[in-house]
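What follows is a set of notes on a single structure, which appears directly below.
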Amino acid sequence: MSLQTKMKRKTAPDIFNRKGGEPIVMLTSYHAHTAALVDRYCDVILVGDSLGNVMHGFETTVPVTLDMMILQGHAVMRGSTQALVVVDMPFGSYEASKEQAFHSAARIMKETHCGAVKLEGGARMAETIEFLVTRGIPVMAHIGLTPQSINTLGSFRSQGKDEAAKLAEGANGSGPIQDDARAVAQAGAFAMVIEAVAEPLARRITEIVPVPTIGIGASAACDGQVLVLEDMLGLSPWVPKFVKRYGNLGPGIEAAIQDYARDVRSRAFPGPEHVYGLKAKTAK
Ligand code: KIV
């Protein structure tokens, strides 16, 4: 069996071809062990720059570096075999020029072996997306709320409220977020994340673009969904309104740590079953 047939993973074109079909399932992961679990059930694993919040306790994703993304991207690739792995381009690694974006994206692809990168921004990033795609780098776009712009946005509130309200009233016109969606699709993005926009706007974008939309806080009208793993597992201390908790792992982990600490202090752990025996004597 050739290496290529043995290691068949989903690709960016596979995900692109899912437009309008069975919903695309995507979750974040930053380490090999969780990647192995996510890999069994998801089409796409996102090594999101949310690792800045989840792993490092930063308030925003702004401090995340390219080296952090590459380290965790590599770990997720080692832990998974089936899903398309998409690695986020962190703030400051792609906005200055399309050449800067290419150098950063090429490092990510070469050093992690992932299948695609994701970057934030709509029409303003279209030229960069086209530059990367025509040079062999599949790009997932990210529009609506773009958390890397928190310092100009001022807060993590939902985006495109007026645009969504007009659509809900039956207007047919375009607006800035629809323009962003058209621009990134035309530039060659194979899919786009839409974050924190109301349902009428997410539905309209999903109808007008020929590439899959993957929603986070953007309703079931999208072609797929993504959540941050730790948020849906109940490990994050605070979660946005759009997160459904599928688990409540925090208290279980705390109880296990409490039991361990108690056992160590009382010398109940390690027990006889956890220590090595002596070498058996051999008969002469
Ligand atoms: O960084 C991340 O986890 C993301 C998702 C929230 C889409 O970009």
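The values are calculated or read from the model by the stated rules, or taken from the named source; none is laboratory data. What you see is a predicted model; the values in this text were computed from it and never measured. Heads up, the Cβs are rebuilt from the backbone with ideal geometry, glycines too, and the neighbour counts pull from every protein chain shown. Quick note on the areas: whole protein, heavy atoms, side chains included, nothing else; ligands and nucleic acids left out. Shrake-Rupley method; radii C 1.70, N 1.55, O 1.52, S 1.80 Å.
Quick test of your reading of the structure: Val64 fulfils all but one of (1) part of a loop (DSSP other than H, G, I, E, B); (2) more than 10 Å from the ligand (Cβ to nearest atom); (3) not acidic (Asp, Glu). Name the failing condition by number.
(2)
Does Ser50 satisfy the criteria of being touching a helix residue (DSSP H, G or I) at 6+ places or on another chain (Cβ under 6 Å), within 12 Å of the ligand (Cβ to nearest atom), of a type outside the set (Val, Ile, Thr) and in contact (Cβ under 8 Å) with a residue 40 or more places away in the chain?
Spelling it out, it is not the case that Ser50 is touching a helix residue (DSSP H, G or I) at 6+ places or on another chain (Cβ under 6 Å), within 12 Å of the ligand (Cβ to nearest atom), of a type outside the set (Val, Ile, Thr) and in contact (Cβ under 8 Å) with a residue 40 or more places away in the chain.
Give me a count of the residues in region 9-37 that are crowded, with 24+ Cβ neighbours inside 10 Å, in contact with a helix residue (DSSP H, G or I) (Cβ under 9 Å, 6 or more places away or on another chain) and assigned to a helix (DSSP H, G or I).
1
Please go through (1) in contact with an Asp or Glu (Cβ under 6 Å, 6 or more places away or on another chain); (2) more than 24 Å from Asp39 (Cβ to Cβ); (3) among the hydroxyl-bearing types (Ser, Thr, Tyr) for Ser97 and return the number of the only condition it doesn't satisfy.
Failed condition: (1).
Return the pair list, or none, for Cβ contacts closer than 8 Å from residues in region 266-284 that are among the hydrophobic types (A, V, I, L, M, F, W, C) to residues that are open to solvent by less than 100 Å² (accessible area, probe 1.4 Å), at least 6 apart or on different chains.
Sorted first by the residue in region 266-284, then by its partner, the pairs are Phe269/Asp263.
Let's see how each residue does on (1) open to solvent by 10 Å² or more (accessible area, probe 1.4 Å); (2) part of a helix (DSSP H, G or I); (3) away from the ligand (no atom under 15 Å from the Cβ):
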| site | (1), (2), (3) |
| --- | --- |
| Ile45 | no, no, no |
| Met68 | yes, yes, no |
| Gly73 | no, yes, no |
| Gln82 | yes, no, yes |
| Pro90 | no, no, no |
| Gln100 | yes, yes, yes |
| Met109 | yes, yes, yes |
| Val117 | no, no, no |
| Glu120 | no, no, no |
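State all residues of region 226-284 that are small (Gly, Ala, Ser) and closer than 18 Å to Leu46 by Cα; if no residue qualifies, say none.
Result: Ser236, single match.
Which ones in region 190-213 are of a type in the set (Asp, Glu) and touching a helix residue (DSSP H, G or I) at 6+ places or on another chain (Cβ under 9 Å)?
Residues satisfying the conditions are Glu195, Glu199.
Just one of (1) surrounded by 15 or more Cβ atoms within 10 Å (Cβ to Cβ); (2) away from the ligand (no atom under 16 Å from the Cβ); (3) not acidic (Asp, Glu) trips up Val243, so point out which.
Every condition holds for Val243 apart from (2).
If you take just the helices (runs of 4 or more DSSP H) that sit entirely in region 123-210, which of them hold at least 2 residues that are open to solvent by 60 Å² or more (accessible area, probe 1.4 Å) and in contact with a Gly (Cβ under 9 Å, 6 or more places away or on another chain)?
Per the criteria, 161-168, 176-187.
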